[in-house]
Amino acid sequence: MANPAGASVHASAVLVGARAVLIRGPSGAGKSRLAFQLIEAARSGAMPFAKLVGDDRVHLEAAGGRLLVRPVDQLAGLIELRGVGILHRDHEPCAVVGLVVDLAAPDAERLPKDGEIALEGIDIPRLAVAPDVAPLPAVLAVITSSEHSVAKTT
């Protein structure tokens with residue numbers, strides 16, 4: 001498959017319900033770990049559904065007022081788990097982004113106000129996670145709360 005139009009970015013993405021969580025952050029911040037934890041949370045029943053979209057590098061593209069995320073061809077279906085190596089996982093070829101999680105974010109606040117970020121001209125809800133804070137509890141709280149649900153189909 002030819003590379004889709006749009007930016008290639010250093011990030012991971014997981015489809016959670018109907019929308020993807022785009023995970024960004026500096027090298028070593030835990031992007032792949034959080035992606036793996038979300039997939040495992042669904043497998044254990046903590047969430048109804050989660051599937052890898054891409055790890056390490058993904059393509060972003062605005063289409064029809066939504067932000068689409070796709071894996072880069074060379075990394076499709078692969079996820080790196082530090083200390084274990086490269087794992088093969090089923091993956092989703094394309095998903096609509098519903099939440100951006102920024103790991104090791106210098107602007108993370110203890111009690112943040114709702115935030116958004118514009119990517120490819122599309123406003124997306126954003127969760128900033130402070131350095132040295134385990135992101136999974138906050139991400140699960142955001143994606144399962146009714147007012148922030150990533151699982152929404154609209």
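The values are calculated or read from the model by the stated rules, or taken from the named source; none is laboratory data. Owing to the predicted nature of the structure, the values given are computational and were not obtained by experimental measurement. Because the Cβ atoms are built from the backbone with ideal geometry, glycine has one as well, and the counts that use them run over all protein chains shown.
Observations, loosely collected:
- Scanning region 18-65 for residues that are assigned to a strand (DSSP E or B), in contact (Cβ under 8 Å) with a residue 12 or more places away in the chain and over 15 Å from the mean Cα position of the chain (by Cα) yields a single hit, ALA62.
- Filter pass, LEU87 being touching a Phe, Trp or Tyr at 6+ places or on another chain (Cβ under 9 Å) and either surrounded by 20 or more Cβ atoms within 10 Å (Cβ to Cβ) or not small (Gly, Ala, Ser) (or both): yes
- Residues located in region 37-50, provided they are of a type outside the set (Ser, Thr, Tyr) and either surrounded by fewer than 17 Cβ atoms within 10 Å (Cβ to Cβ) or over 21 Å from GLY98 (Cα atoms) (or both): GLU40, ARG43, GLY45, ALA46, PRO48, PHE49
- Taken over region 90-115, the residue count meeting the criterion of being closer than 19 Å to LEU15 by Cβ and assigned to a loop (DSSP other than H, G, I, E, B) is 5.
- Filtering region 1-16 to residues that are at pLDDT below 95 and not hydroxyl-bearing (Ser, Thr, Tyr) leaves MET1, ALA2, ASN3, PRO4, ALA5, GLY6, ALA7.
- For region 97-118, a residue qualifies if it is closer than 16 Å to GLY65 by Cβ and touching a residue at least 60 places away in the same chain (Cβ under 8 Å), and the qualifying residues are VAL97, GLY98.
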